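*Asks:* Handing you a structure now.
Computed from the coordinates by the stated procedures, all read-outs in this text should not be read as laboratory data. What you see is a predicted model, and the numbers here were worked out from it, not measured in a lab. Cβ atoms come from the backbone with ideal geometry, glycine included; neighbour counts cover every protein chain shown.
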Amino acid sequence: MNSQVDVERAQDLERRLRAYEELEGRAQWPGALTARDVIALALLTLVMVAGAYLLGGQP
């Protein structure tokens, strides 16, 4: 029983699969975190925790 909803759902799934396959083929994913981003986040976290500790708060 292929209702209109089933057909549309299958077409949408196929479209999404093609989009992900296209993204996998690229060298860099849009919005992906790089090593520089991770290091910057770690440093920011360290600065915030140290700041809270130095100001007398509980981290």
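*Asks:* May I ask for the angle, rounded to the nearest 10°, between helix 4-25 and the longest principal axis of the chain, with both axes built from Cα atoms and the value confined to 0 to 90°?
*Replies:* 50 degrees
*Asks:* Run the quick spin-label model on residue 38 and residue 53: label points 7 Å from Cα toward the beta carbon, then report their separation in nm to one decimal.
*Replies:* 2.3 nm
*Asks:* Per the helix-only calculation at 222 nm, which mean residue ellipticity applies to the chain, given -39500 (n - 2.57) for every DSSP H run of n ≥ 4 and division by its residues, nearest 500 deg cm²/dmol? Working shown, then result.
*Replies:* Working: 2 runs with 42 residues, N = 59.
Value at 222 nm, helices only, nearest 500: -24500 deg cm²/dmol.
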